[in-house]
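Working notes, structure below.
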Amino acid sequence: MKVNAVKFNEYASVVVSAGYDRSLRAWDCRSHSTEPIQSLTHFQTVSVCLTKSEILAGTIDGTVRTFDIRIGRELSDDLGQPVNCISMSNDANGILASCLDSTLRLLDRSTGELLQEYKGHTSKYFSGSKWNAHVTSGSEDGFIFFWDLVDSSVVSSFKAYASVVSKTHFGIKKVREGEVFVIERNERFSKTLNPGVHFLIPFVDEIAFVHSLGETIVKIHRQHNVTNGGITKVTDCTMMVKIFDAKLASHWSKDPFENITELTCAMLHDVIKQLTSKMYEETEFYLGSAHSREKQCRQ
């Protein structure tokens, strides 16, 4: 028997399978039993999503069915076109259905209201879609499309394969505490990512720079400074550097720490020169005064 789709629940204790025999079956992974713990029939499912207590099924007859296991209730949203892929939002409030009329439909799960439609790709037999801030889908002509979630405009599309693109996935990137990522899109600044989990568009969004938000110790090696009196002063120091604006730190210079070090060395040289010059002038003044007093005493 052909299996169209399988999906684990959140804890990987139950797996749901959709068969070509128009059945939807749930299996207990912990008991290793070959008998399903629940079976639903009379519709052909090609895509499955799970919540803690619900099974969502996209079916060939053009409906998205929701089965509440706890209370035994079934809800059905009729889209009028065969559904071959469904994808649920992170908060489980929305469902994106890919239909074989080359249209992606975004539904409100609580009301069944059609929120938005996304078009431009080709989907007559295959399709796979994902969504968050953007909607992405493969196309049968080898293209991958990205739409804006709100206004459904095509953000980007590119030729990825010579044949059908049957499935797409978002790039998930986790930013650790104390770091900030600078993202470029089409070789231009796009946004900064603060600590947390973020979704990036593959091949479009690029992590250009990674900066630490904490203080960084920069060691300045020994510098030789020659005073006005011809005396060589050897100095070294350590400075603390902290980045407050990741965008400016990334695009102001390729290596901001190197530039800051050079500026600090130049400032240090000027300060030492001014101090030693003043000390030299005071020393000359005192030496001149002492010489004058000595000369007067001898007279």
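The values are calculated or read from the model by the stated rules, or taken from the named source; none is laboratory data. Keep in mind the model is a prediction, meaning the values are calculated, not measured. Don't worry about glycine lacking a Cβ; one is built from the backbone with ideal geometry, like all the others, and counts go over all protein chains shown. In case anyone asks, the SASA skips ligands and DNA or RNA and just uses the protein heavy atoms, side chains included. Shrake-Rupley method; radii C 1.70, N 1.55, O 1.52, S 1.80 Å.
What about residue 75, is it touching a Ser or Thr at 6+ places or on another chain (Cβ under 7 Å), in a strand (DSSP E or B) and surrounded by fewer than 19 Cβ atoms within 10 Å (Cβ to Cβ)?
So residue 75 passes the test.
Within region 208-218, identify whether any single residue is surrounded by 10 or more Cβ atoms within 10 Å (Cβ to Cβ) and either basic (Lys, Arg) or at pLDDT below 75 (or both), and answer yes or no.
No, every residue in region 208-218 fails to be surrounded by 10 or more Cβ atoms within 10 Å (Cβ to Cβ) and either basic (Lys, Arg) or at pLDDT below 75 (or both).
Could you please find all residues in region 65-79 being within 34 Å of the chain's Cα centre (by Cα) and under 17 Å from residue 38 (Cα atoms)?
Of everything in region 65-79, those that are within 34 Å of the chain's Cα centre (by Cα) and under 17 Å from residue 38 (Cα atoms) turn out to be 65, 66, 67, 68.
Among the residues of region 41-72, what is the count of those that are open to solvent by 40 Å² or more (accessible area, probe 1.4 Å) and not β-branched (Val, Ile, Thr)?
Number satisfying all stated conditions: 6.
Name the pairs: first residue in region 9-23 and free of Cβ contacts under 8 Å to residues at least 12 places away in the same chain and charged (D, E, K, R), second residue in a loop (DSSP other than H, G, I, E, B) and surrounded by fewer than 18 Cβ atoms within 10 Å (Cβ to Cβ), Cβ to Cβ under 6 Å, at least 6 apart or on different chains?
As it stands, the answer is none, since no pair meets every condition given.
Residue 17 passes all but one of (1) open to solvent by less than 30 Å² (accessible area, probe 1.4 Å); (2) over 34 Å from the mean Cα position of the chain (by Cα); (3) under 18 Å from residue 53 (Cα atoms); which number fails?
(2)
Filter region 22-64 for residues that are of a type in the set (Lys, Arg) and either more than 33 Å from the chain's Cα centre (by Cα) or assigned to a strand (DSSP E or B) (or both) and give the result.
22, 25, 30, listed by residue number.
If I filter region 11-21 down to residues being assigned to a loop (DSSP other than H, G, I, E, B) and at negative phi, which single residue comes out as modelled with the lowest pLDDT?
Residue satisfying both the conditions and the ranking: 11.
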